[in-house]
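Structure first, commentary second.
The values are calculated or read from the model by the stated rules, or taken from the named source; none is laboratory data. All values derive from a computational prediction rather than experimental measurement. Here the Cβ is made from the backbone with ideal geometry for all residues, glycine too, and neighbour counts use every protein chain on show. In case anyone asks, the SASA skips ligands and DNA or RNA and just uses the protein heavy atoms, side chains included. Shrake-Rupley method; radii C 1.70, N 1.55, O 1.52, S 1.80 Å.
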Amino acid sequence: MRQRLSRRNFFKIAGGAALAAAGASLAPRFIGQNWLAPTWNAGAQQAAPDLAFAATDGWIFLPPDPAMAPYHPDSLAPAPFTTYVFGFRNVTGLDATQTMAQKMRAQHSAPMFWVNQNTQFTLQLTNLGLAMRPDLVDAHTLHWHGFRHVIPFFDGEPMGSVSVPIERNFTYVFRPRDPGTYMYHCHVEDIEHVHMGMTGMVFVRSAQDGTAITFAGDGRTYTRFAYNDGDGSTGFDREFGLLLSEVWNEAHWDDAHIQLPQWTDYRVDFGLLNGRVYPYTLAPSAPFNAVASTNAFAVDRATDGDLVAPAGFPELQYQPLSSLVTCNAGDRVLLRFANLGFTEAAMTATGIKLQVIGRDATLMRGRTGADTSYLASTVTFNAGESVDAIFTAPPHSGNNPFDTYLLYNRATTHGNGGQMTEIRVYPANTLPPQTLPNT
């Protein structure tokens, strides 16, 4: 078809010709250096990611009593589930057919993963689409909240980086420089997608790990640390990640029933720890695959890639991670808190003092390097913030198999179960050394 050659089109053609000429003049330099050789290009495309996640929707369980008709439990939910969610799944090692079979099998909270400081890490995200809402053609991203990128390309904020359309995938490349506790979430329609469950925890292990350092504060030698402290003050024996999130039943029901929530009516109906409410926070984690857990808490999967439920709790199939804190008397325990709800949290340990050593992936040290950590029984932090706190488990009383201390969010204003768990202290040397977080 003939097109009139406008002034704008003329300059487009002229500019393109000029760039082509410039490229031709530069080509010999790059060809000689083999920068664009086919072998290098193919290798970059075929390298397997360290982790592979899928974004989709699904159902989780929240206690049906009290009922909040018509929003909870959702009449569309298949037994034993109650609540519609969006979420992520760890599909590392699954083939394309198995990965596509995970549609409508989202988990909450999203998989917990960790990386090593100064070590490049790749994560492939596949968008499976929403089975309940095929009319919603939302793209998805993985935004690592608070992570410092050299360029915004892998940031996951869709206005300045890349979002993943349905049935497509994208591989993020991370080069972590700062140890500490972070969180991640989808940044497309972020208020909705965060609240619907596309939230998880991630932390960066310090370069100091593996070095034996004796901490003067207790005379013990540690090889695992929350930060590069130089003096062993952030050394620990056991660690537990605790992600706070919230459920407003009406928003979840609206998304399942093709309605639009009015977000100014927002309220917290359920407060969750690692995707569960008390007392289900105490239920065991789903069985996990130690081999697949090199960089993530990887739950065992059936032959089709579906999750295996915790023993005795089929309703928690898609809420696999426990919040129960277990330790031996005298153990030094690191609690990694992150808040991806919309309200302030005040996590309180009854009878135990917490040493707050880090906030927002930053070691508590002043400009001169002076220690600014502090002791508290209650740790407060807002939405989008993280806190690292350490405690030394008190002596065992000798009266029971374990002593129990409550750990709960005293800022909650609702009574429908919530953000509470237990710290269970066993006699010294009862539990074996911890090999994975939250075990």
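For the charge dipole of the chain, defined by +1 on Lys and Arg C-beta atoms and -1 on Asp and Glu C-beta atoms about the Cα centroid, which residue among Leu354, Phe153, Thr199 has the Cα displaced farthest towards the positive pole?
So the residue we want is Phe153.
Please list, in chain and number order, the residues 5+ apart from Thr211 or on another chain whose amide H is under 5 Å from its amide H, with Hs placed from the backbone.
The list, which skips near neighbours in sequence, is empty: none.
Tell me, what is the per residue accessible area of the chain in Å², probe radius 1.4 Å?
For the chain, the solvent-accessible area averages 45 Å² per residue.
How big is the dipole moment of the chain about its Cα centre under a simple scheme where the beta carbon of each Lys and Arg is +1, that of each Asp and Glu is -1, and everything else is neutral? Debye, nearest 20, please.
Dipole magnitude for the chain comes out near 1640 debye.
Per residue of region 388-404, in order, report the coupling 6.51 cos²θ - 1.76 cosθ + 1.60 (Karplus, θ = phi - 60°) as ³J(HN,Hα) in whole Hz, putting x for Gly and Pro.
Residue by residue, region 388-404 yields 10, 9, 10, 9, 9, 4, x, x, 6, 6, x, 8, 9, x, 8, 9, 10 Hz.
State the dimensionless ratio Rg/Rh of region 320-410 (Rg: radius of gyration of Cα atoms; Rh: Kirkwood radius).
Taking Rh as the inverse mean 1/r over Cα pairs, Rg/Rh reads 1.00.
For region 112-158, state the average projected area of the convex hull of the C-alpha atoms over all orientations, rounded to one decimal in nm².
Across all orientations, region 112-158 yields a mean hull projection of 4.6 nm².
Once the dipole of the chain is set up with Lys and Arg at +1 and Asp and Glu at -1 on Cβ about the Cα centre, which of Ala411, Ala47, Pro80 lies farthest towards its positive end?
Value computed over the given set: Ala47.
Anything in the chain that counts as a DSSP H helix reaching 15 Å or more along its axis (C-alpha) with Kyte-Doolittle mean of at least 0.0? List them, would you?
The qualifying helices are 7-33.
Among Ala96, Thr343, Val162, whose Cα projects farthest towards the positive end of the dipole of the chain, with charges put on the beta-carbon of Lys, Arg (+1) and Asp, Glu (-1)?
The one lying farthest along the dipole's positive direction is Val162.
Find the centroid of the Cα atoms in region 351-377 and in region 206-265, then give the distance between the two in whole Å.
Their Cα centres are 14 Å away from one another.
Would you tell me the accessible area of Val194, worked out with a 1.4 angstrom probe on the heavy atoms of the protein chains, in Å² to the nearest 10?
10
Taking all protein chains in place and a 1.4 Å probe, what share, in percent, of the accessible surface of the chain do carbon and sulfur account for?
With neighbouring chains kept in place, the figure for the chain is 55 percent.
Whole-Hz ³J(HN,Hα) for each residue in region 201-215, computed from phi via Karplus 6.51 cos²θ - 1.76 cosθ + 1.60 with θ = phi - 60°, x for glycine and proline: what do you get?
Listing the rounded values in order: 10, 9, 9, 10, 7, 6, 5, 6, 3, x, 8, 7, 10, 8, 8 Hz.
Taking N as the number of residues in the chain, what value does Rg over Cα atoms divided by 2.2 N^0.38 Å take?
Here the Cα radius of gyration is 1.09 times the empirical estimate.
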